[in-house]
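Visitor: Just dropping this structure here.
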Amino acid sequence: TTGYIVQAAGFHFPGMLSKDVSFESLSGMKPFDAWDAVPDGGKQQIIGLIFLAEIISESSGTHYTKGGDTPTIIFPPIDFSKVDDATLAVKRSRELNNGRLAMIAIMSFVAAANVPGSVPALTGSPMF
């Protein structure tokens, strides 16, 4: 969700994404148009990395939705807060809920971009 908003606001990396596509040219497009402009090789790398991360996290022991531990790819075993385990568990649960809320938000962006007027709060926004 954050990446969608940042890209739609026109922020971008300097330089070239490929020989033919600059990051600046992508930032001038709507998010879905920018995805379409990414070369197929780049899309394959992005999807392949996501697929690999999913395979690694989903194949490790008992699944977290069935009582297993939350994958460390989601929550690395680094704790800078120095809080007790119970507090850390509550914070991780809240973070998962925030992730679910972010998924709902991105779907509203998708709806607004594809069905005019479907999200009244976003009607008239140049991002959509």
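Please treat every number below as a calculation from the coordinates, not as lab data. In this text the structure is predicted, and so the values were computed from the model without any measurement. Quick reminder, even Gly has a Cβ in these numbers, built from the backbone with ideal geometry, and neighbours come from all protein chains shown.
Visitor: Looking at the stretch 49-63 only, could you name the residues that are exposed (fewer than 12 other Cβ atoms within 10 Å of the Cβ) and either among the basic types (Lys, Arg) or over 15 Å from the mean Cα position of the chain (by Cα) (or both)?
Guide: Of everything in the stretch 49-63, those that are exposed (fewer than 12 other Cβ atoms within 10 Å of the Cβ) and either among the basic types (Lys, Arg) or over 15 Å from the mean Cα position of the chain (by Cα) (or both) turn out to be 52, 55, 58, 59, 61, 62.
Visitor: Next question, about the same structure. Which members of the stretch 112-128 meet the condition of being in contact with a helix residue (DSSP H, G or I) (Cβ under 9 Å, 6 or more places away or on another chain) and exposed (fewer than 14 other Cβ atoms within 10 Å of the Cβ)?
Guide: 114, 121, 123, 125, 126
This table checks each residue for (1) hydrophobic (A, V, I, L, M, F, W, C); (2) under 29 Å from residue 17 (Cα atoms); (3) free of Cβ contacts under 8 Å to residues at least 12 places away in the same chain; (4) out of contact with any Pro (no Cβ under 8 Å at 6 or more places or on another chain).
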{"position": "35", "(1), (2), (3), (4)": "yes, yes, yes, yes"}
{"position": "38", "(1), (2), (3), (4)": "yes, yes, no, yes"}
{"position": "46", "(1), (2), (3), (4)": "yes, yes, yes, yes"}
{"position": "54", "(1), (2), (3), (4)": "no, yes, yes, yes"}
{"position": "59", "(1), (2), (3), (4)": "no, no, yes, yes"}
{"position": "66", "(1), (2), (3), (4)": "no, no, yes, yes"}
{"position": "94", "(1), (2), (3), (4)": "no, no, yes, yes"}
{"position": "108", "(1), (2), (3), (4)": "no, yes, no, yes"}
{"position": "112", "(1), (2), (3), (4)": "yes, yes, no, yes"}
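Visitor: Name every residue in the stretch 114-128 that is assigned to a loop (DSSP other than H, G, I, E, B) and among the small types (Gly, Ala, Ser), in order of residue number.
Guide: 117, 118, 124, 125
Visitor: Filter the stretch 84-109 for residues that are over 30 Å from residue 123 (Cβ atoms) and under 15 Å from the mean Cα position of the chain (by Cα); which is surrounded by the fewest Cβ atoms within 10 Å (Cβ to Cβ)?
Guide: Residue satisfying both the conditions and the ranking: 95.
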